[in-house]
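Structure record follows, encoded as structure tokens.
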Number of protein chains: 2
Amino acid sequence: MTTNTNERPYTDVVDRLRAVGLRPTRQRMALAKLLFDSGDRHLTAEQLHDEAMAGGVRVSLATIYNALHQFTDAGLMCEVVVDSGRSYFDTNTSDHHHFYNETTGQLRDIPGDQISVTSLPEPPDGMSIDRVDVIVRVR
Amino acid sequence: MTTNTNERPYTDVVDRLRAVGLRPTRQRMALAKLLFDSGDRHLTAEQLHDEAMAGGVRVSLATIYNALHQFTDAGLMCEVVVDSGRSYFDTNTSDHHHFYNETTGQLRDIPGDQISVTSLPEPPDGMSIDRVDVIVRVR
DNA sequence: CAAACAGTTTAGAATATTTCTAATCTGTTG
DNA sequence: CAACAGATTAGAAATATTCTAAACTGTTTG
């Protein structure tokens, strides 16, 4: 009906996990499905946990954190820091930035080509630039 | 010798606090002195607490948090979010951005005129832009 | 296909940071 | 200088995240 989510239930996800060297376990597959099967998502560990529970998947919060970090380390997603005391994980790994609604806590993507940061100064010492985050705070 | 910090010990600080409607109490004066008497500073609550203790000023951590938030609300400093689970407070209130050393946790200013963010998309809904943070992560 | 092993998951404890609370204290005002 | 609003405090509480050690499970091997 809507997507092909139900036709090829886990094949994509299994491949995706294998491709980055992660064993496709029940929990990781369920989380990967929630995360990657419906477009770009911005979630906290807690929110993903709630979704998993609501979907009848029994996963501990510790496993959620493990999985989010493993996915992030593997380059399947990235972490966005906008609020101290809360981490957001973003399934969009392309070059892009964010709107952050300070009232509701909602994050929204800004495509990389819609913002340009020019004339960056040299990084200090022998340091090299890992990435540049632009956060547009709205309210 | 170095600065005039010792010549007019508390006058500046008292005025500064009064100007924003904060009662110049012992603790607030000591903290304001530490924060504003030596150029631009980037500190966590914990670091400021340690400095205060080292300088023989007895202040509780709760008071440090109170003061940092009051100073921030009053526009005397601003909060920089670069790392989830740790808040940095910055005494530089001019328009500027930051280098963040992901290895050491050190923050460094990038003057506002050295970076330009162009072609920002419209903020969603009836939202308005509060501020734009650029964080250049180095390692 | 079963045993064995490495990698995973788990609950709960531990840690870290920040906020809250209620009692005490202190600038300021009259 | 008394009175009061506002500030400070220690400790408890809240929140988010990480750690730990035991149980479990995918995968590989014989």
Taking A:LEU22, is it away from DNA strand D (no atom under 16 Å from the Cβ), open to solvent by less than 90 Å² (accessible area, probe 1.4 Å) and modelled with pLDDT of 95 or more? no
Any chance B:GLN27 is polar (S, T, N, Q), within 10 Å of DNA strand C (Cβ to nearest atom), away from every other protein chain (no Cβ under 14 Å) and touching a residue at least 40 places away in the same chain (Cβ under 8 Å): yes
Quick one: is A:SER94 surrounded by fewer than 13 Cβ atoms within 10 Å (Cβ to Cβ), facing chain B (nearest Cβ under 7 Å) and either touching a strand residue (DSSP E or B) at 6+ places or on another chain (Cβ under 9 Å) or closer than 20 Å to B:VAL80 by Cβ (or both)? no
So, in the stretch B:51-64, of the ones that are surrounded by fewer than 15 Cβ atoms within 10 Å (Cβ to Cβ) and in a helix (DSSP H, G or I), which residue ends up nearest to DNA strand D (Cβ to nearest atom)? B:ALA62
Residue list for the stretch B:33-49, restricted to those being assigned to a helix (DSSP H, G or I), within 13 Å of DNA strand C (Cβ to nearest atom) and surrounded by 13 or more Cβ atoms within 10 Å (Cβ to Cβ): B:ALA45, B:GLN47, B:LEU48, B:HIS49
Within 13 Å of DNA strand C (Cβ to nearest atom), of a type outside the set (Gly, Ala, Ser) and assigned to a helix (DSSP H, G or I) - does that describe any residue in the stretch B:73-81? yes
So which residues in the stretch A:30-62 are hydroxyl-bearing (Ser, Thr, Tyr) and without any contact (Cβ under 8 Å) to a residue 12 or more places away in the chain, if there are any at all? A:SER60
So which pairs qualify, if the first residue must be in the stretch B:63-77 and under 12 Å from B:LEU22 (Cα atoms) and at pLDDT below 95, the second must be in a loop (DSSP other than H, G, I, E, B) and β-branched (Val, Ile, Thr), the Cβ gap must be under 7 Å, and the two must be at least 6 apart or on different chains? none
Taking A:THR63 as the residue in question, decide whether it is of a type in the set (Val, Ile, Thr) and either over 27 Å from A:ASP12 (Cα atoms) or at the interface with chain B (Cβ under 9 Å from one of its Cβ atoms) (or both). no
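Out of all the residues in the stretch A:82-91, which are part of a strand (DSSP E or B) and either within 10 Å of DNA strand C (Cβ to nearest atom) or surrounded by fewer than 16 Cβ atoms within 10 Å (Cβ to Cβ) (or both)?
Residue satisfying the conditions is A:ARG86 alone.
The values are calculated or read from the model by the stated rules, or taken from the named source; none is laboratory data. Predicted model, so just to flag it, every value in this text is computed and none were measured. Glycine also receives a Cβ, built like all others from the backbone with ideal geometry; neighbour counts cover every protein chain displayed. Remember, those area values only see protein heavy atoms, side chains included, never the ligands or the DNA or RNA. Shrake-Rupley method; radii C 1.70, N 1.55, O 1.52, S 1.80 Å.
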